[in-house]
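Working notes, beginning with the structure itself.
The values are calculated or read from the model by the stated rules, or taken from the named source; none is laboratory data. Predicted model, so just to flag it, every value in this text is computed and none were measured. Cβ placement follows ideal geometry from the backbone for every residue including glycine, while neighbour counts extend to all protein chains displayed.
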Amino acid sequence: MNKIILASKSPRRIELLKMCQVEFRSMVADIDEDAIKDQVLSESSGQDTFHIADRLTKKLAYEKAKAIHDHYPHAIVIGSDTLVVTYNSILGKPKDQDDAYNMLKDLSGQVHRVYTGVSIIGPDQEYNFTNFAQVRFYDWDSNMENIVRDYIATGSPMDKAGAYGIQDMGALLVESIDGDYYTIMGLPIAQLYRKLKIL
């Protein structure tokens, strides 16, 4: 099998890819994510947020993988991107603690979707796909507010789409999940594993 490169330094994605029992290394792709987001948003005018999130996560995952594959053409490069989406907004990483608080409060009592786009680029072929899972948070009350404030104080929400991680204290906010848990963490590992076996 060709060398595998994960186009991410995310500790979560690194741990998940280790589950595939393959040797790999990880590196960060140098891409302009804001420019890509602006491009996809301008091309998607009038479309619903779920459709836009599907396109955007797939495009960002592809550009991350391609940026590294251009330098390592004989490798298999895996790119991934995750977004949290409500019916009327797409949530990336919070700008600051107030933004994180507002995101988590707005998500409370609601069902939202977590989209993860994956791109696998090899020497001769590529696969691009998107998965999503639906997550429902508990209703907002004093208990939720205390959890959110304590969670934000840890700093953990600041590097996560939607300001929470399902694998850490953010799990205390979650009432139910419909879909793949690992998609919410940032890498739909079962589907990825099957694609890697084909390459």
Tell me which residues, restricted to region 74-91, are over 9 Å from Ile121 (Cβ atoms) and assigned to a loop (DSSP other than H, G, I, E, B).
His74, Thr86, Tyr87, Asn88, Ser89
Test result for Leu91, buried (at least 22 other Cβ atoms within 10 Å of the Cβ) and either at positive phi or in contact with a Phe, Trp or Tyr (Cβ under 7 Å, 6 or more places away or on another chain) (or both)
no
Over region 135-163, the set of residues modelled with pLDDT under 95 and either part of a loop (DSSP other than H, G, I, E, B) or more than 28 Å from Ala61 (Cα to Cα) (or both) is Lys160
Odd one out for Ser45 among (1) among the hydroxyl-bearing types (Ser, Thr, Tyr); (2) exposed (fewer than 13 other Cβ atoms within 10 Å of the Cβ); (3) not in a loop (DSSP other than H, G, I, E, B):
(3)
Per-region count, region 174-199, residues out of contact with any Cys (no Cβ under 8 Å at 6 or more places or on another chain), part of a helix (DSSP H, G or I) and surrounded by 21 or more Cβ atoms within 10 Å (Cβ to Cβ):
4
Which of the residues belonging to region 15-42 are in a helix (DSSP H, G or I) and of a type in the set (A, V, I, L, M)?
Leu16, Leu17, Ala35, Ile36, Val40, Leu41
On the given criteria, is Ile68 within 19 Å of Gln191 (Cβ to Cβ), at pLDDT 95 or above and of a type in the set (Val, Ile, Thr)?
no
For region 87-105, how many residues meet the condition of being farther than 29 Å from Lys18 by Cα and at pLDDT 95 or above?
11
Conditions: (1) under 18 Å from Met158 (Cα atoms); (2) modelled with pLDDT of 95 or more. Phe132 meets all but one. Number of the miss?
(1)
Within region 9-28, residues modelled with pLDDT of 95 or more and either polar (S, T, N, Q) or in contact with an Asp or Glu (Cβ under 8 Å, 6 or more places away or on another chain) (or both) come out as Ser26
Looking only at residues in region 49-73 that are over 15 Å from the mean Cα position of the chain (by Cα) and either outside any loop (DSSP other than H, G, I, E, B) or touching a residue at least 24 places away in the same chain (Cβ under 8 Å) (or both), which one is surrounded by the fewest Cβ atoms within 10 Å (Cβ to Cβ)?
Pro73
Could you give every pair whose Cβ atoms fall below 6 Å, whose first residue belongs to region 146-164 and is at positive phi, and whose second residue is outside any helix (DSSP H, G or I) and surrounded by 12 or more Cβ atoms within 10 Å (Cβ to Cβ), counting only separations of at least 6 or pairs across chains?
Gly162/Val84; Gly162/Leu91; Ala163/Pro94
